[in-house]
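Undergrad: After the structure tokens below, expect a handful of questions from me.
Bear in mind that the values in this text are calculations on the coordinates, not laboratory data. The structure presented is a predicted model; accordingly, all values stated were derived computationally and were not measured. Note that we place each Cβ from the backbone using ideal geometry, even for glycine, and neighbour counts take in every protein chain shown.
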Amino acid sequence: MASSSSCHVTEIKHDVFISFRGTDVRKGLLSHLKTELRRRQIDAYVDERLDRGDEISSSLLRAIEESQISLVIFSKDYASSQWCLEELAKMIESMEINKQIVLPVFFNVDPSHVRHQCGDYGDALAKHEEKLKENMLKVKTWRSAMKKAADLSGFHYPTNFE
């Protein structure tokens, strides 16, 4: 007889969850990526809402959990968005707990800037630290997630495509 206290396994509903900073990639890279994934019949979850509040919604966190792969597009302003950083932290948590695959894409960003949180990434995190003085644990979690994601094997697309 099966135990009623067995672990809850998250049902996979999406092939890929894509985390991105809309202002950086929505009209270029993201639109091409979505078209190609659709052409190959790969179900990609992309949050298309433009206006967001300060808190990430539970439905978005659930979409991350329900995806087989998370693809994070690190771009110039990615770290300036608390939403993006919350998504990233959830993706890393899902990778560690549920063995979800996380694929980083470094788009016009030096991967070492993400890994070491310098340049635009260091500036953005310093602003978050100033704003969230009462919740430094959140920023520490974001920093850790960034480093872990940047340490993964991924794709680097520099500004000058050759």
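Undergrad: Filter the stretch 56-102 down to the residues that are over 9 Å from the mean Cα position of the chain (by Cα) and assigned to a strand (DSSP E or B), then identify the one that is surrounded by the most Cβ atoms within 10 Å (Cβ to Cβ).
TA: The residue in question is 67.
Undergrad: Shifting gears a bit: How do the pairs read when you match residues in the stretch 89-103 that are within 13 Å of residue 146 (Cβ to Cβ) and touching a residue at least 60 places away in the same chain (Cβ under 8 Å) with residues anywhere that are in a helix (DSSP H, G or I) and among the small types (Gly, Ala, Ser), using Cβ under 9 Å and keeping only pairs 6 or more apart or on different chains?
TA: What qualifies is 91/145; 91/149.
Undergrad: Of everything in the stretch 129-149 that's polar (S, T, N, Q) and touching a helix residue (DSSP H, G or I) at 6+ places or on another chain (Cβ under 9 Å), which residue is farthest from residue 82 (Cα to Cα)?
TA: 144
Undergrad: Could I ask something else about it? Of 80, 144, 70, which residue is closer than 22 Å to residue 33 by Cα, touching a residue at least 40 places away in the same chain (Cβ under 8 Å) and among the small types (Gly, Ala, Ser)?
TA: Unique residue meeting the criteria: 70.
Undergrad: To continue, here is another question. Any idea which of (1) touching a residue at least 40 places away in the same chain (Cβ under 8 Å); (2) not in a strand (DSSP E or B) is the one residue 106 doesn't satisfy?
TA: Residue 106 satisfies all of (1) touching a residue at least 40 places away in the same chain (Cβ under 8 Å); (2) not in a strand (DSSP E or B) except (2).
Undergrad: Please go through the stretch 129-154 and pick out each residue that is surrounded by 14 or more Cβ atoms within 10 Å (Cβ to Cβ), assigned to a helix (DSSP H, G or I) and among the aliphatic types (A, V, I, L, M).
TA: Matches in the stretch 129-154: 139, 145, 146, 149, 150.
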